[in-house]
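Before any comments, here is the structure.
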């Protein structure tokens, strides 16, 4: 009964528009302090102390330091001219295709995903440049916004990925293995979106094509050399084991500062305070959600919810593939109505314990969970990539959402492949780490 009341209060407060952190934390704290919920011998003062300890423990982690650092690195690169360099280089690679600029935006999104770790940052950094450029080339505004949103969603699949950091923190699964597992899946998503962009552009006559030129490619590569070095430096350091994820995030910040100030000279030192405030406001929101969710998940655990879910799953007597599909479908639905960080923190403690029954490796399940929630970033009412893209383009959410449906369909197909072909997520981790 307590768990039902807890989740009912959560969704009611979200529906009323309360910030997600308060929607998670207030029902949990309120129920913990309600007389009768805990045995009579438990003092209210002791519960208050427990709440404070849980809030602190929720964010007391070295791994979670990567979240504000990756956010800051993404903001620096967005302002420092790196986004335009990546788009120009990607256009020199694939601009000869039908829908060349559209494909270039997806390729640039994949490059930028290897730096920022955030879908919202990826969408904002590229959208401000790509959407006006695509409109000038004859792409419809709604298609341009939907494409940029789809590319932005790749930002949490290709490492470094803030949601993967959170999943690894919650489950003690190696974050480096999660990063390696997401690389081929992110590449599959990018290639799938590019194929859809080529087909749509060819069918409708969108955009213009530019002939391939080695001279242009060489010039664009020269301009983007240091920008392309960012994902190589960050991912190379993590996957080789030279640096931890948090140390790599700090390295990304220093590298971004070097490129933006000394190489591109687009970022002045006077701009840094504003960048820090904006990026850390977003990071603080994520960490506040994590702290509040610690209280929520503690109360859920005290009610033995995990055992109840496992008993329910056992009673359904589903085969492993059927259980996997059921969990994936549930995650897709929740991803449409719940913010990614909140969904991870609330669901991972319950669902991660089911990975043996689903017949999936914990690393594969972590990647699949992040991919599911990435699809939710392309669907209303809580699709963060759609909101950012609509804000840049000035178009209504409904118009862009309709055009984004083919991208969602392609993403679902890529998700199914990731579910039922384990080497896609496990081959690279096994090659790198054994």
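Readers should treat all values here as calculations from the given coordinates under stated rules, not as data from a laboratory. Everything quoted here is computed from the prediction, not taken from an experiment. We place every Cβ from the backbone using ideal geometry, glycine too, and count neighbours over all the protein chains shown.
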Cα extents of the stretch 298-434 along the three principal axes, largest first (Å): 47, 40, 28
Mean Cα-pair separation over length for the chain, i.e. relative contact order, pairs under 8 Å, 6 or more apart, %: 25
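Please state the shape class of the stretch 183-253: rounded when a/c is under 1.5, otherwise prolate if a/b exceeds b/c and oblate if not, all from the C-alpha gyration tensor.
oblate
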Choice from 189, 70, 288 with maximal GNM fluctuation in the chain (Cα, 10 Å cutoff): 288
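For residue 313 and residue 52 in one chain, what is 0.36 nm times their gap in residues minus the Cα-Cα distance, to one decimal in nm? Could the numbers behind the result be given before it?
Working: separation 261, 0.36 × 261 = 93.96 nm, distance 3.39 nm.
Full extension of this stretch gives 90.6 nm more.
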Stokes-Einstein diffusion coefficient of the stretch 354-395, Kirkwood radius over Cα pairs, 37 °C, 0.692 mPa s, in µm²/s: 277
Relative contact order, percent, the stretch 206-279 [alpha-carbon distance under 8 Å, six or more residues apart]: 20
Candidates 277, 370, 253: whichever shows maximal mean-square fluctuation once the chain is modelled as a Gaussian network with Cα springs under 10 Å: 277
Label of the coordinate-derived value, mean projected area of the Cα convex hull in nm², listed as (1) 29.7; (2) 21.7; (3) 28.1: (2)
Scaled radius of gyration (Cα, divided by 2.2 N^0.38 Å) that the stretch 249-379 gives: 1.42
Sorted by Cβ density within 10 Å, fewest first, the residues 420, 111, 258: 420, 258, 111
Between the stretch 72-95 and the stretch 243-269, the Cα center-to-center distance that results, in Å: 14
GNM top mover of 119, 342, 293 - the chain, alpha-carbon springs below 10 Å: 342
In degrees, nearest ten, helix 82-94 long axis to first principal axis of the chain (Cα): 60
Between helix 225-239 and the chain: long-axis angle, C-alpha atoms, 0 to 90°, nearest 10: 30
